[in-house]
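What follows is one structure encoded as structure tokens, with my remarks underneath.
The values are calculated or read from the model by the stated rules, or taken from the named source; none is laboratory data. Note that the structure is a prediction, hence the values are computed from the model and not measured. We place every Cβ from the backbone using ideal geometry, glycine too, and count neighbours over all the protein chains shown.
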Amino acid sequence: MEEVHGIVIVGAGICGLATALALYRIHDVWQQEQGNKSAVIPVRGELRWLKRRDLIETMAMKIPPGAIRFSCHVAALHPANLGNHGAVLTTMDGGIIRAKVLIGCDGSNSVVAKYLGLSPAIPAPCMLLRGFTRYPNGHPFGTHFLRLKYKDFFLGRAPMTNNLVNFFVAIWHPSATSADATKDARAMKDFVLEKLKDQCSNEIVEMARDLDPESLILLRRAWYRPPWQVMFSSFRKGTVTVAGDAMHVMGNYIGQGGSAALEDALVLARSLSRAAAESGGGGGSCELCEKKISAAIGEYVRERRLRVVRLSLETFTLGTLMGTKSLLTKLVCFAIVALLGTNSNEHANYDCGHL
């Protein structure tokens, strides 16, 4: 069976759902209704930690029924027959989907990124365990985000509510023995506990010990795009583009991967809405509409490139700094960090504008 759609988004993670929601609610995002007026809610000067599941479920509920298609895996992508605009998707079950606009929000192993000719994401030599620790009677950590570097691992603690704390541990250059000992998240937790007991305070050890087993996530390999790849890659071909991790997958060291994906969604939806308005809401010729949309996607890529290059450079530098033993490499990393600025939260104080 063959289908034809105006816009197809591959991937239903944070970026895919945010892009779909922004396109559906182009004039009603991040606003609070007050009678017949709308007032923008300021959120500057603070950090907010969200559970990924809560964010995804909230966005999914706001998208019209039928817009999300489950178990529809893309097996192959081909150019549209006429011109360089759009693409033809072949699904695992043999279905054919013709998309006038294709947006790849399908993560680090993106099939759309491969179609655009992007180099594969690079694996980082580390394993990551993360999860939530609950404190029924409240925790004493306030609202402070803690990051600690040890000899061969790095950990972080981020309070989310008065009773819930996000905790993660990254182990650098894991040996074959440690990799074999971490077949699943619970085994990894036991392995991490042994490491923490020797080097960390009782407070940290207890936090790791009390991690909710149902919340544990083990990443045996992290992926990233180096900053030079983000700087020089072509992120579009006609009316096909990528966003989120498919464009700029990065390490977890500054906690901006999900935020950058939300920024991508907003900027892309804004650019596409302008193109639709300029072409008369689709009332003009198909060729004119395609040119307007292609130009809008080019505008989106240009607007996002410098922002995500900076984020990629910062995460790449911090990751290299924490994982290297070379004094020269450390000095270079310190110099780059100094050039990026002394405010460790500057990357979060970014305004990508409104829809």
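The residues in region 57-108 that are among the polar types (S, T, N, Q) and either in contact with a Phe, Trp or Tyr (Cβ under 8 Å, 6 or more places away or on another chain) or not assigned by TED's automatic domain parsing to the domain that holds A12 (or both) can be counted, and the count is 1. Residues that are of a type in the set (V, I, T) and in contact with a Lys or Arg (Cβ under 8 Å, 6 or more places away or on another chain) do not occur anywhere in region 304-314. Taken together, the residues in region 206-242 that are free of Cβ contacts under 8 Å to residues at least 24 places away in the same chain and not aromatic (F, W, Y) amount to 3. Does V88 meet the test of being crowded, with 18+ Cβ neighbours inside 10 Å and not aromatic (F, W, Y)? Against the criterion (crowded, with 18+ Cβ neighbours inside 10 Å and not aromatic (F, W, Y)), V88 does not qualify. Residues that are within 24 Å of R25 (Cβ to Cβ) number at least 2 in the following strands (runs of 3 or more DSSP E) confined to region 62-112: 96-104.
Counting the residues of region 317-328 that are without any contact (Cβ under 8 Å) to a residue 24 or more places away in the chain, out of contact with any Cys (no Cβ under 8 Å at 6 or more places or on another chain) and under 21 Å from A222 (Cα atoms) gives 1. Scanning region 112-160 for residues that are of a type in the set (S, T, N, Q) and at pLDDT 90 or above, we see that the one that is nearest to D184 (Cα to Cα) is T133. Of all residues in region 166-188, those satisfying the criterion of being of a type outside the set (S, T, N, Q), outside any loop (DSSP other than H, G, I, E, B) and modelled with pLDDT under 85 are I171, W172, A176, A179, D180, A185, R186, A187, M188.
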